[in-house]
1. Could you name every one of the strands (runs of 3 or more DSSP E) located completely within segment 31-108 that has at least 3 residues being buried (at least 17 other Cβ atoms within 10 Å of the Cβ), touching a Cys at 6+ places or on another chain (Cβ under 7 Å) and modelled with pLDDT of 90 or more?
2. Out of (1) in contact (Cβ under 8 Å) with a residue 60 or more places away in the chain; (2) exposed (fewer than 15 other Cβ atoms within 10 Å of the Cβ); (3) out of contact with any Asp or Glu (no Cβ under 9 Å at 6 or more places or on another chain), what's the single condition that is false for L127?
3. In the list L115, L126, L111, which residue meets the criterion of being assigned to a loop (DSSP other than H, G, I, E, B), at pLDDT below 95 and of a type in the set (A, V, I, L, M)?
4. Scan segment 176-193 residue by residue and report those that are in contact with a helix residue (DSSP H, G or I) (Cβ under 7 Å, 6 or more places away or on another chain) and of a type outside the set (D, E, K, R).
5. Which one is farthest from E182 (Cα to Cα) among residues in segment 114-170 that are out of contact with any helix residue (DSSP H, G or I) (no Cβ under 7 Å at 6 or more places or on another chain) and small (G, A, S)?
6. For the structure I just gave you, tell me whether P154 is at pLDDT 90 or above, more than 30 Å from A95 (Cα to Cα), surrounded by 15 or more Cβ atoms within 10 Å (Cβ to Cβ) and not small (G, A, S).
7. In segment 84-111, what residues are without any contact (Cβ under 8 Å) to a residue 40 or more places away in the chain and within 30 Å of L187 (Cα to Cα)?
8. Criterion first (in contact with a helix residue (DSSP H, G or I) (Cβ under 9 Å, 6 or more places away or on another chain), modelled with pLDDT of 95 or more and either surrounded by fewer than 19 Cβ atoms within 10 Å (Cβ to Cβ) or at positive phi (or both)) does I212 satisfy it?
Amino acid sequence: MTHAPQLNSTPRTATGPAIEAQSLSKSFTVDGRDLPILHEISLQIDSNELVAIMGPSGSGKSTLMYCLAGLDHPSSGQVRLNGMDLGTQSRTALAKMRRGNVGFVFQSYNLIPTLTAYENVALPYLLEGRKPPREQLLTVMDEVGLGHRVDAQPPSMSGGEQQRTALARVLALAPEIVFADEPTGALDSRSGELVLTKLNEVARKPGRTVLIVTHDPAVAARCDRVMFLGDGHLVDEIRPNTAAQVADTLAQLTSKRREG
């Protein structure tokens, strides 16, 4: 009898950084020509860190996150998540990792419209052939303010409710690493604050790490570190004190790009 693989419940003990990239480059082929997006990026993000990636539009922020998360393959270089070299893993192994050890919060929500909010939260368990822990999932949904929307379907939900459903799905799995792409970009201030607070809580739990791509200096200022991209290069890094400091650093980077 074949047993379904278990979803992650406790963090592994990693011997190195939670997220590590070495000389990571990425190019796309457009009309037969290589279009470079990322250039020789090397970085390390440790366990229990909440890190933001910022940069002008088109600087490669989302492409970098997709490569780090194993959703896209770099053209060259190496990516490791908790010591696992993604370049040596099969498609099946990568899919299993993404279902259990890595969580994603996207601005587009990625919900199935014909399922209820609860069913969307329970979906990773169902895909693994496991019975969802209903009470645990309901508790998580209540924590993000969805206790009264358990049976609602995404088309009837506000953008904030849909984003909180996507967040609840991640929180219920308790993955080791969470990647969030503009998680507050389309939300009202109340929903955005709740999402950011929950992501911060995740990063403070033993063995957990959160990486956020954002354009919002106020979001980045809540992080431990902010990494700045410029034209596909990692060009600066700060430990932020205020949103104004983040905004000023980003403005200087944008100005230099225009002058260049």
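The values are calculated or read from the model by the stated rules, or taken from the named source; none is laboratory data. No experiment lies behind these values; they were computed from the predicted model shown. No Cβ is skipped: glycine too gets one built from the backbone with ideal geometry, and neighbour counts run over all protein chains shown.
1. Answer list for segment 31-108: 50-54.
2. Looking at each condition in turn, L127 falls short on (1).
3. On the way: L115 fails: at pLDDT below 95; L126 fails: assigned to a loop (DSSP other than H, G, I, E, B).
Unique residue meeting the criteria: L111.
4. Those that are in contact with a helix residue (DSSP H, G or I) (Cβ under 7 Å, 6 or more places away or on another chain) and of a type outside the set (D, E, K, R): V178, F179, A180, P183, T184, A186, L187, S191.
5. Across segment 114-170, the extreme among qualifying residues is G129.
6. Values: at pLDDT 90 or above: yes; more than 30 Å from A95 (Cα to Cα): no; surrounded by 15 or more Cβ atoms within 10 Å (Cβ to Cβ): yes; not small (G, A, S): yes.
Answer is no for this residue.
7. A95, M97, R98, S108 - these are the residues of segment 84-111 that are without any contact (Cβ under 8 Å) to a residue 40 or more places away in the chain and within 30 Å of L187 (Cα to Cα).
8. Numbers: in contact with a helix residue (DSSP H, G or I) (Cβ under 9 Å, 6 or more places away or on another chain): yes; modelled with pLDDT of 95 or more: yes; either surrounded by fewer than 19 Cβ atoms within 10 Å (Cβ to Cβ) or at positive phi (or both): no.
So I212 fails the test.
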